[in-house]
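> Just dropping this structure here.
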Amino acid sequence: MFLLITIAVCWALAYFRVRLRIWTAVLAAVILLWTIGGHAGHTIVFLAWLSFMAAAVILNVTDLRCRFISRHLYSLFKRLLPSLSRTEREALEAGTVWWDGELFSGRPDWERLLGMPAARLSTEEEAFLAGPVEDLCRMLDDWRIVTELHDLPAEAWRFIREKGFFGLIIPKEYGGMGFSALAHSQVIVKIASRSFAAAVTVMVPNSLGPAELLLRYGTREQRDYYLPRLARGEEVPCFALTGPDAGSDAAAIPDTGVVCRGVFAGEEIVGILLNWEKRYITLAPVATVIGLAFRLLDPEHLLGPVDEPGITLALVPASTPGISVGSRHSPLGIPFQNGPITGRDVFIPVDWIIGGRERAGQGWIMLMEGLAAGRSISLPALSTGEGKLVARAAGAFAGVRRQFRLPIGRFEGVGEALAEIAGSVYLLDAARTMTCGAVDLGERPAVISAIVKYQSTEHLRRIINRGMDVLGGSGISLGPRNLLGLIHYSSPIGITVEGANILTRSMIIFGQGVIRCHPYILKEMQAVANPDTETGLAEFDRLLAGHFRFALANGARALFLGLTCGLLAKAPGGTARRYFQMTAHLAAAFALAVDITLLSLGGSLKRRESISGRMADILGNLYLMSALLKTFEERQQPHDELPLLKLGCAECLRGISDGFYGLTRNLPLRPAAWLLRILAFPLGLPSGVPDDRLVQSAARILMEPSAVRDRLTDGIYLPAELHEPLGRLEDALAKVIAAEPVERKLRDAVKDGRLMAGTDMTVLDAGLQAGIITGAEAEMLVASWEARREATRVDDFPSLAM
Ligand SMILES: Cc1cc2nc3c(=O)[nH]c(=O)nc-3n(C[C@H](O)[C@H](O)[C@H](O)COP(=O)(O)OP(=O)(O)OC[C@H]3O[C@@H](n4cnc5c(N)ncnc54)[C@H](O)[C@@H]3O)c2cc1C
């Protein structure tokens, strides 16, 4: 009994993160009670006091603690810490920490999340979406763009430039649209649901590129000159970082700019002699101005005392002598403009460095800061737009297409595929809007941007695969009628750009997250790196005490929530309360796992990408689940969205569970893995398997016109015209559903023998003659058959020279 009380007291002290002195006082009182109570033998009491006194003295006397504990850990930490290059350090330090910090704390503050205002569009932004964006979508015929024009139509290019699509993020004072991140994202969502090539064309100038860099870092002259020109579409920008030898390892670019004297526009000036070879550059073949990343060298010290200032960014007009541009890559046949650019002995003034000569050598940090915002918006919007189109099209198709005398969506197997699509789209939309909201409030969430980029492009890959399964041959036979084939083609592009996904998952998300978002690691690294060893050690010692209490608290909290299935976690009330509680438990488990993983792997974390990838999965899914919950609450817990919320959460829980399972099986320090398993999941891992009824009710959402179906796919381009494939499918769906009662009458009549079985047409005729259905009903049924046949037809070609 006494032992149990002692354990309970220790657990409570850990849970409430009390200070060391309180630990000491309370434990002394407990042992005193033990001694007075006479429950233990003299030897045990003596040993208990001896070990308590030794530990209490060493831990409470700073000098002793430093000498016997902190100094050793300090040396170990110093040895284990991976050496960070300047570019790695800059990448790690870029951007801000937001909800990711809460998840790392193990105790996410739901009030903070729910208190964050919901992102909203202004009237002007809504008008732009309903006007120019709709008009642009109407101009785009993706099949023609891909197979005939190999480019956007000239009128679409003109429209994009003239209507301000290249200036969505440029403030109004420079003639841009000055849109919020949410509006920017909505524009991409709509265009992506119409044409991938057009979406990329609009996306790139508004993402990481000249406009973004000028706004953040440009000199007044650069901003005044370029921003109005970019906003008016007089300049087409591109941004060139990647080259043949520097893809994922972009900081390794070999392209150089040597500071030297030379003649420019007839005058001798100090300038930069550039030589570069870049590839995969979007918009390069048509660009008029190139944002260029290169390694700046200053051997004659014309700019300053440093020989190699490092990566630098400049804006170079494409017409500058020495630049060759114009040839194109073919990114999976999707014809957005993308190609190589080379520059041979291109001499430019130093003033062309973005931000002027003071920014020489600061290119990498500028890029990383820009990426933190841009990556939060573009690809998540692109993936969500395409995902919504898949949801709408696959759902309608499954309601229209019949096999075995039933709409295929009524078969459970197809229902599973539809439900997976529906849950994932709901989840993507929630993550997209919540992240845009954060960016609009001034966050540049570096780690979260990597999470949403990775998760949204991976989800889209699964969504389109499931969509293709549902459409069968109609998805496979390419042609103007095919709604999904080109999305299937293009899905690897999002996976590869803005940080390829394998790298993002296995290296960036957790690697950067643990340093930026953990409350102690970065500070400890800085203390260890302090050249004044004694000050560094004193700081390290102080941090270590806090870190230790933090880890103990997470262990105690994870165990408490694990034993109570999270039911006692503080969480907002309402329909989604259970999911808040589960997320609270899993966040505590994650925070504990972070310290256990660090303890287990030490400095080898950077090499153990599989473990880092699993931690990225857990963190990413915790973020997605938070976004789902926030969105559901913001919308006032709509009952009709409950199946989508549950499916989305199930998907996240599956990712989290798999992550923890893989982690505990693979942590090299086995006792640490067992400790994690016992503390965090004493009753087992949570299950992410949704029940079959839930799956089928989510599938039905996609197959029947309804408010919730419209909300799920809101923001995409929805043509009503019957010559449009989506318009035809929607029309057929409405007609098929309207004709269902008529069909049922005929079916019942056949079943009870009033009509003879036969072909659809003979049964209809017989039903009409027997007065089972009216003439109007017969017409309605025939119209639904015709619409179905038309909507499920596929293209054929006299020859395959497409
Ligand atoms: C269509 C398209 C448009 C693009 N647009 C632009 C643009 O406008 N401007 C620009 O500068 N760049 C652009 N890029 C470049 C893009 O950002 C790079 O392609 C990307 O960073 C990957 O480089 P890579 O293709 O050379 O792949 P590699 O670096 O060769 O990588 C190949 C694979 O290895 C993985 N990998 C590499 N290193 C690691 C590691 N340490 N751990 C785990 N996995 C790893 C990657 O994840 C990837 O899966 C574009 C690329 C494409 C395809």
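The values are calculated or read from the model by the stated rules, or taken from the named source; none is laboratory data. The model shown is predicted, which means the values in this text are computed figures rather than measured ones. Using ideal geometry, Cβ is built from the backbone for each residue, glycine included, and neighbour counts are taken over all protein chains shown. Note: areas computed on protein heavy atoms with side chains; ligands, DNA, RNA excluded. Shrake-Rupley method; radii C 1.70, N 1.55, O 1.52, S 1.80 Å.
> Enter the accessible area per residue of the chain (Å², integer; probe 1.4 Å; all protein chains in place).
Values: 33670 Å² over 802 residues.
Accessible area per residue: 42 Å².
> Could you grab the relative contact order for the chain? Cα pairs under 8 Å, six or more apart, rounded to a whole percent. Each step should come with its number before you reach the end.
On the way: 1358 pairs, mean separation 119.7, N = 802.
Once divided by the residue count of the chain, the mean separation gives 15 percent.
> Let me ask another. For Lys388, list the lysines whose Cα falls under 25 Å from its own Cα; do not include residues on the same chain fewer than 8 positions away.
Cross-link targets: Lys190, Lys453, Lys630, Lys646, Lys735.
> As an exercise, use a Förster radius of 51 Å and the Cβ-Cβ distance of Ile58 and Ser687 to find the FRET efficiency, rounded to the nearest 0.05.
Values: r = 45 Å, r/R0 = 0.88.
Efficiency computed from Cβ-Cβ geometry: 0.70.
> Given labels modelled 7 Å from the Cα in the Cβ direction, how far is it in nm from Glu173 to Glu155?
Inter-label distance under the simple model: 3.8 nm.
> Could you put Tyr15, Tyr225 in order of accessible surface area, largest first, with the 1.4 Å probe and the full protein assembly present?
Details: Tyr15 30, Tyr225 120 Å².
Result of the area sort, largest leading: Tyr225, Tyr15.
> Using 0.36 nm per residue of separation minus the Cα-Cα distance, give me the extension gain between Arg402 and Ser610 in nm, one decimal.
Working: separation 208, 0.36 × 208 = 74.88 nm, distance 4.40 nm.
Once the chain is fully extended between Arg402 and Ser610, it gains 70.5 nm.
> Can you give the extra length, in nm with one decimal, that the chain gains between Arg71 and Glu740 once fully stretched, where that is 0.36 nm per residue apart less the Cα-Cα distance? Mind dumping the intermediate values first?
Working: separation 669, 0.36 × 669 = 240.84 nm, distance 7.78 nm.
Separation in residues times 0.36 nm, less the Cα-Cα distance, equals 233.1 nm.
> Step through the residues of region 266-273 one at a time and calculate ³J(HN,Hα) from phi using the Karplus curve (6.51 cos²θ - 1.76 cosθ + 1.60, θ = phi - 60°), rounding each to whole Hz and writing x for Gly and Pro.
With the stated coefficients, region 266-273 comes to x, 10, 7, 9, 8, x, 10, 9 Hz.
> For the chain, what % of the accessible area comes from carbon and sulfur atoms, probe 1.4 Å?
58 percent
> OK, next. Quick query: amide H of Arg444 versus all other amide H atoms, modeled in the peptide plane; which residues come in under 5 Å with a sequence gap of 5 or more or a different chain?
Amide H neighbours of Arg444, under 5 Å, 5+ apart: Thr96.
> Roughly how many debye, to the nearest 20, is the charge dipole of the chain about its Cα centre, given +1 on each Lys and Arg Cβ, -1 on each Asp and Glu Cβ, and no other charges?
Values: 82 positive and 84 negative charges, 558 e Å.
Computed charge dipole of the chain: roughly 2680 debye.
> Sticking with this structure for a sec: Would you compute, from DSSP H runs of 4+ residues alone, the mean residue ellipticity of the chain at 222 nm, taking -39500 (n - 2.57) per run and dividing by the full residue count, rounded to the nearest 500?
Values: 32 runs with 466 residues, N = 802.
The per-residue figure over the chain is -19000 deg cm²/dmol.
> Still on this structure: Please turn the phi angles of region 336-345 into ³J(HN,Hα) values with the Karplus equation 6.51 cos²θ - 1.76 cosθ + 1.60 (θ = phi - 60°), one per residue in order, whole Hz, x for glycine and proline.
After applying 6.51 cos²θ - 1.76 cosθ + 1.60, I find 6, 6, 7, x, x, 9, 10, x, 10, 6 Hz.
> In addition: How big is the gap, in Å, between the Cα center of region 318-391 and the Cα center of region 93-162?
Distance between centres, Cα-based: 18 Å.
> Further, regarding this structure: Choose one of Thr496, Leu33, Trp23: the residue whose Cα lies farthest towards the positive end of the charge dipole of the chain (beta-carbon charges +1 Lys, Arg; -1 Asp, Glu; about the Cα centre).
Of the listed residues, the answer is Leu33.
> Between region 174-202 and region 461-519, how many Å separate their Cα centres?
For region 174-202 versus region 461-519, the Cα centre distance is 19 Å.
> Continuing with this model, one more query. Whose amide H sits under 5 Å from the amide H of Leu297, counting only residues 5 or more places off or on another chain, with H placed in the peptide plane?
HN-HN under 5 Å from Leu297: Gly257, Val258, Val259.
> How large is ³J(HN,Hα) for each residue in region 759-772, as worked out from phi by the Karplus curve 6.51 cos²θ - 1.76 cosθ + 1.60 (θ = phi - 60°), to whole Hz, x for Gly and Pro?
Taking θ as phi minus 60°, the curve returns 6, 3, 5, 5, 5, 4, 4, 5, x, 5, 5, 7, x, 6 Hz for region 759-772.
> Moving to a separate point now. To make sure I understand the rule: partners must be aspartates and glutamates, Cα under 16 Å from the Cα of Lys745, and not fewer than 8 residues away in the same chain. Which ones qualify?
By straight Cα distance, Lys745 reaches Asp760, Asp765, Glu777, Glu779.
> Quick one: grab the alpha carbon gyration tensor of the chain, order the square roots of its eigenvalues as a ≥ b ≥ c, and give me rounded if a/c is under 1.5, else prolate or oblate depending on whether a/b is larger than b/c. Please report the intermediate quantities before stating the final value.
Numbers: a/c = 2.69, a/b = 1.20, b/c = 2.25.
The shape class here is oblate.
> Another one. In terms of Cα to Cα distance under 14 Å, which aspartates and glutamates are near enough to Lys523, apart from those fewer than 8 places away along the same chain?
Glu93, Glu539, Asp541
> Oh, and also: Calculate the length of the line joining the C-alpha centroid of region 403-432 to that of region 578-607, in whole Å.
Answer, in whole Å: 32.
> Mind ranking 264-276, 25-37, 370-382 by how tightly packed they are, going by the mean number of other C-beta atoms within 10 angstrom, highest first?
Working: 264-276: 15.7, 25-37: 14.1, 370-382: 26.8.
Ranking the peptides 264-276, 25-37, 370-382 by packing returns 370-382, 264-276, 25-37.
> Sticking with this structure for a sec: In the chain, with Lys and Arg counted as +1 and Asp and Glu as -1 at Cβ, which of these residues, Val289, Gly167, His184, has the Cα nearest the positive end of the dipole, that is, farthest along it?
His184
> Which FRET efficiency value, to the nearest 0.05, do you get for Phe797 and His723 by plugging their Cβ-Cβ distance into 1/(1 + (r/R0)^6) with R0 = 22 Å?
Working: r = 18 Å, r/R0 = 0.83.
Once rounded, the FRET efficiency stands at 0.75.
> While we're looking at this one, here's another question. Any idea how far apart Ile44 and Tyr15 come out in nm if each label point goes 7 Å out from Cα toward Cβ?
Here the answer is 2.5 nm between the modelled labels.
> Now for a different question. Subtract the Cα-Cα distance of Thr147 and Thr256 from 0.36 nm times their separation in residues, and report this length gain in nm to one decimal.
On the way: separation 109, 0.36 × 109 = 39.24 nm, distance 3.85 nm.
Taking 0.36 nm per residue and subtracting the Cα distance, the gain is 35.4 nm.
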